[in-house]
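What follows draws every value from the coordinates through simple rules; no lab data is involved. Worth saying up front: this structure is predicted, and the values here are computed from it rather than measured. Positions of Cβ are generated from backbone atoms using ideal geometry, with glycine treated the same way; all protein chains shown enter the neighbour counts.
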Amino acid sequence: MRRIHVIARRIVALAIILSLLFGGYAYLRKRPQDLPWTQIDLAQPVGLFTGRKLAALGQSPDQCRALLDRAGVAYVALPPGGSGQCRYDDAVRLEGGEDAIRLSPASVGPSCPVAAALKLWEWHVVQPAAQRHFGQAVRSMSHFGSFSCRRIYGRSEGDFSEHATADAIDIAGFTLEDGRRVTVVGGWKGEGKDAAFLREVRDGACPLFSTVLSPDYNAAHRDHFHLDQADRGAFGWRACR
């Protein structure tokens, strides 16, 4: 009798395991964005590996631009620039459309992976957050630039910044449809709508960018969000501060 009970328990355990496996398989089939080996599609919702897939596009400029094309993103591919450690090959200038958030200044040319992440951030994070907190859309985002041939924190030694290859952009603030401005330096502290909006969009950037640094990180970021697409591999570390 005892042996029968042991066998029965094993059968039940096996049935539970198989049920979980089939359930997980069915779930993941509907959410390819949560699998590390599937191709990224900007039309899909943000998934567990979306940010890593975006960063990896730095190795495939043609694929990145094709993704922008399929998603209907208006952009201009820029010629390669810089030299040595400060060289970029896949910069694009996003073109503002009727419903698209404009970058200000508009001449900025981040790398294609950064541009793709900015569009997903706009669609899935920034605009929904603006509607929740302000009841209106964001019209433009101000920034402090993308490409800058320098080392981290402008030091004379050490690793080069992701800005040196246009793989980063520093976002300083947002202008709403009615002209109201929400800036990182002016709105981060406090308990009001501006602070809630800024913290929500900072948090929402973390699944999309390899590195997200805000005023919570240090004083050097008191007035902007640093967003970059450092390619650290499929399971490399990510920063969200």
As a footprinting exposure proxy, order ARG102, ARG70 by other Cβ within 10 Å, with the fewest listed first.
ARG70, ARG102
How large is log10 I(q)/I(0) at q = 0.16, 0.19, 0.21 Å⁻¹ when the Debye formula is applied to the Cα atoms of segment 43-164, each weighted equally and without solvent?
-0.85, -1.13, -1.30
³J(HN,Hα), Karplus 6.51/-1.76/1.60, whole Hz, each residue of segment 48-55, x for Gly, Pro
5, 10, 4, x, 5, 5, 4, 4
Who wins for biggest fluctuation among SER148, SER214, SER107 in a Gaussian network model of the chain, springs between alpha carbons below 10 Å?
SER107
With +1 on the Cβ of every Lys and Arg and -1 on the Cβ of every Asp and Glu, and nothing else charged, how large is the dipole of the chain about its Cα centre, in debye rounded to the nearest 20?
1280
How do ILE152, ILE101 rank when sorted from fewest to most other Cβ atoms within 10 Å of their own Cβ?
ILE152, ILE101
Neighbours of ALA55 by Cβ distance under 14 Å: Lys/Arg at +1, Asp/Glu at -1, summed charge -1
Add -39500 (n - 2.57) for each DSSP H run of 4 or more in the chain, then divide by its residues: what number comes out at 222 nm, to the nearest 500 deg cm²/dmol?
-10500 deg cm²/dmol
Based on the Kirkwood radius over alpha-carbon pairs, what value in µm²/s does the Stokes-Einstein equation return for the translational diffusion coefficient of segment 35-240 at 10 °C and 1.306 mPa s?
93
How do GLU177, GLU191, GLU200 line up, fewest other C-beta atoms within 10 Å first?
GLU191, GLU177, GLU200
Gaussian network model of the chain, Cα within-10 Å springs - most flexible of ALA230, ALA195, ALA91:
ALA195
If packing is taken as the mean number of other Cβ atoms within 10 Å per residue, what is the order of 78-86, 122-130, highest first?
122-130, 78-86
For ARG139, what residues show an amide H to amide H distance below 5 Å, using hydrogens built from the backbone and excluding near sequence neighbours?
THR175, LEU176, GLU177
